[in-house]
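Each reported figure results from applying straightforward, stated rules to the coordinates on display, with no laboratory input. In this text the structure is predicted, and so the values were computed from the model without any measurement. Quick reminder, even Gly has a Cβ in these numbers, built from the backbone with ideal geometry, and neighbours come from all protein chains shown.
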Amino acid sequence: MRLAPLALIAIIVVVAFVGPSNLYFSRFLSLAPVFAASVWPVVGTVAVGVLAAVLEAVIAVTLGNVSEHRTHLFTLAVIAGATAAAACASHVRQQREQTLADVRSVAETTQKVLLRPMPHHLGRLDIETLYLAAAAQARVGGDFYEALETTHGVRMIIGDVRGKGLPAVGMASAILGCFREAAYDEPDLARLARRLDVSTSRYTALLPGDRMEYFATALLVEIPDDGSAVGIVNLGHPPPLLLSAGMVREVTPTAPSPPINMGALIGEDYRIDTFSFAAEDQLLLYTDGVTETRDHTGAFFPLVQHAGHWDADSPSRLLGQLHSALVHYSHGRLDDDIAAIAVRAAAGTPSYGRGR
């Protein structure tokens, strides 16, 4: 692309010399600085314009006659005007590119704070994460996740804030901030869910408008190191998938629990569901951007059906196949934030519970 303006000049000059002189192909040299403005800085754009003007003069002297001088002078004037306009356009483009670079830098910093890199191993678990922001340039959205090794075992959260933009990012940050503190203190997931709800309610009370407009669905997961039953509290979130012995099933809640910041409206009845998690089993946590991905007909992505055909022996391969399936299914048009966590109980570890 950076060489395209020079290639254009070369093609026009060759055509001007080998083509009929009465067609004045050299007039197209005025396009070169315009093209250069899209890829070159101001100095380079002006240099392309000067080169085009010099070549136009050479063509005029070599091929022209006295009666055609006015035509060539007019072409030189057009090249000069086009070069001046292209230089201004190049300057504006560079300013916007710098602004975009600054915005992306801020977004990357925000993402590192909000979604800091998760370790690949916590306790006896192998963990991998996937995050895809709907706005490619923003790189951060309302989906969030975290995993911490506590005295209660590994505790994880994955969630999705209603809405997009800065309000969603701010609420996700508030939820994660509370989780990173409360996960070490609260004795069980029900108490942890209640604390998240109270903390988020205090945060949204400071926001404009009806604070009930701000809420988040989430999954809270606790995988103890001592082999006791794995616990999940589903706060209005899509159910996780358990991949065990070649089988795939959704871990659906036995009773609904309110989304974060909806406890005061719906009631603070948080149900902990338990299930077994044997060595080599994998758990896939995800946000609704996965199941709401659509194909060209508008049909939703059938996650369970696809997962049944995956041959993934590690969290990284599981998420890799998920990502590939989503891109293929949507033909590359992912229009919602997507977050996912894949967890595997490493071989040689005790089975996690007998569950129900």
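Relative protection proxy for 309-320, 257-268, 168-179, 214-225, from highest mean packing down: 214-225, 168-179, 257-268, 309-320 (other beta-carbon atoms within 10 angstrom).
Evaluate E = 1/(1 + (r/R0)^6) for residue 295 and residue 97, where r is the Cβ-Cβ distance and R0 equals 35 Å; express this FRET efficiency to the nearest 0.05. Efficiency at R0 = 35 Å is approximately 0.50.
Sort the stretch 115-345 into rounded, prolate or oblate with this rule: let a ≥ b ≥ c be the square roots of the eigenvalues of the Cα gyration tensor; rounded if a/c is under 1.5, and if a/c is not under 1.5, prolate when a/b is larger than b/c, oblate otherwise. Oblate shape, in that a/c is at least 1.5 and b/c is the bigger or equal ratio.
You can think of it this way: the chain between residue 184 and residue 207 has 5.5 nm of extra reach, that is 0.36 nm per residue less the Cα-Cα gap. The slack between residue 268 and residue 11, meaning 0.36 nm per residue of separation minus the straight C-alpha distance, is 85.2 nm. When the charge dipole of the chain is built from unit charges on Cβ atoms (+1 for Lys and Arg, -1 for Asp and Glu) and taken about the Cα centre, the candidate among 252, 205, 5 whose Cα reaches farthest toward its positive end is 5.
Using 0.36 nm per residue and subtracting the Cα-Cα separation, the extra length available between residue 149 and residue 74 on full extension is 19.5 nm.
Which value at 222 nm does the chain reach when only helices count, each DSSP H run of 4 or more adding -39,500 (n - 2.57), with the total divided by all residues and rounded to the nearest 500 deg cm²/dmol? It lands at -14000 deg cm²/dmol. As a calculated quantity, the FRET efficiency between residue 85 and residue 327 at R0 = 51 Å, using C-beta atoms, amounts to about 0.80.
Annotation: amide H-H contacts under 5 Å for residue 277 (H modelled 1.01 Å from N, sequence separation of 5 or more, or interchain): 230, 352, 353. Summing +1 for each Lys or Arg and -1 for each Asp or Glu among the other residues whose beta-carbon sits under 11 angstrom from that of residue 303 gives -3. Within the stretch 289-330, whose backbone N sits under 19 Å from a point 7 Å along Cα→Cβ of residue 280? Correct set: 308-319.
Here the contact order of the stretch 115-345, divided by its residue count and restricted to Cα pairs under 8 Å and six or more residues apart, works out to 24 percent.
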